[in-house]
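The values are calculated or read from the model by the stated rules, or taken from the named source; none is laboratory data. As the structure is a computational prediction, the values presented were derived from the model and not from experiment. Every residue, glycine as well, gets a Cβ built from its backbone with ideal geometry; the counts of neighbours run over all protein chains shown. Surface areas here come from the heavy atoms of the whole protein model, side chains and all, with no ligands, DNA or RNA. Shrake-Rupley method; radii C 1.70, N 1.55, O 1.52, S 1.80 Å.
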Amino acid sequence: MTRQAARSMSFARCAALASALLAAAGQAQSPKSPATDEIVVTGERDREEAIHDFIDTVTVEANGQMATFRTDVCPAGFGLPAAYNDIVASRIREVAKKADIPVADPDCDPNLVVIVADDGYEFFEELRRDRPTLFHALELSEIRDVREAEGPVRAWQVVELRGSDGRKPERISFIEGLGGPPRYVPRGYKLTGVVPSRILKATRRDLAISFVVFDLAAIEGLTLTQIADHAAMRTLARTGPPEAGAPTILALFEEGGYRADSLTDWDAAYLKSLYATSNAVSASQQQSNMARLIGEQLEPASVD
């Protein structure tokens, strides 16, 4: 894609879109990896370690758990010509369906948004200044991470706390002190009727809205498939830049990183295993369950 073929979306348009998205959130075949993705197996222990290392290096946890969409995914693209935006959104739908992630009808309200802007940092800062309510659900540390992110891609999610059975907790500002006055809590929640077990936690983390913003200059020379598949890995899951050499589309913008033409087998296995396991457990437990499923999905020759 050439720079002339792309155009950035106006801030006003995106701000209006984001406001509508946040309001809506309150309502209740993946291609094969390139040949270079094949690595010789050196033993069962190495295989298991490689899988665990891959999960560890790309996963971003949410308060000790892993967040996933529990509502149907509705992707939308902005900032490119309309036909290109539609191709990106369609490709993300394809990736999601291949991973057995429920997808909404085409006329849905977007909850997964891919944006191309002249400058992703400036776009994020303007959105924060002009629409601060969009970021009330984010921790200050999460906002700082997005602001200080290196590279031309910024991703963030609105994560909702839910009971393990899906119910919404009651928001509270004070809790009764033991023999003292009520104590103020800035982000307090009260959840009744959900009893944790030895395996399940009382709560889970659900993705309400997921955003990814690309710098316009950085996508020059990339295919729409590369853009869409990178966006899928940043929005269908909470992920970050991988370690050097990891066989993932997430390394697309990393200097000297793995240069994939599309979603890799590792990426596809990660998404499918993430949504095939429960996120009402600890992150470590879910990752252990994911590792087993990933091992079953990957061909032995593709695991180091």
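Specify the residue that is most open to solvent (accessible area, probe 1.4 Å); the eligible residues are those in region 114-165 that are closer than 23 Å to residue 254 by Cα and assigned to a loop (DSSP other than H, G, I, E, B).
If we take residues in region 114-165 being closer than 23 Å to residue 254 by Cα and assigned to a loop (DSSP other than H, G, I, E, B), then 150 is most open to solvent (accessible area, probe 1.4 Å).
Results for (1) within 18 Å of the chain's Cα centre (by Cα); (2) modelled with pLDDT under 95; (3) buried (at least 23 other Cβ atoms within 10 Å of the Cβ); (4) within 30 Å of residue 85 (Cα to Cα), shown as yes or no for each residue.
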residue: 208; (1), (2), (3), (4): yes, yes, no, yes
residue: 256; (1), (2), (3), (4): no, yes, no, yes
residue: 273; (1), (2), (3), (4): yes, no, yes, yes
residue: 293; (1), (2), (3), (4): no, no, no, no
residue: 302; (1), (2), (3), (4): no, yes, no, no
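If residue 62 satisfies every condition in (1) at pLDDT 95 or above; (2) among the hydrophobic types (A, V, I, L, M, F, W, C); (3) surrounded by 18 or more Cβ atoms within 10 Å (Cβ to Cβ) but one, which is the exception?
(1) is the only condition that residue 62 fails.
So which residues in region 48-85 are over 24 Å from residue 248 (Cβ atoms) and of a type in the set (Asp, Glu)?
Answer for region 48-85, where residues must be over 24 Å from residue 248 (Cβ atoms) and of a type in the set (Asp, Glu): just 72.
Per-residue answers, yes or no, for (1) open to solvent by less than 10 Å² (accessible area, probe 1.4 Å); (2) outside any helix (DSSP H, G or I); (3) modelled with pLDDT of 95 or more:
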position	(1), (2), (3)
56	no, no, no
76	no, yes, yes
85	no, no, yes
97	no, no, yes
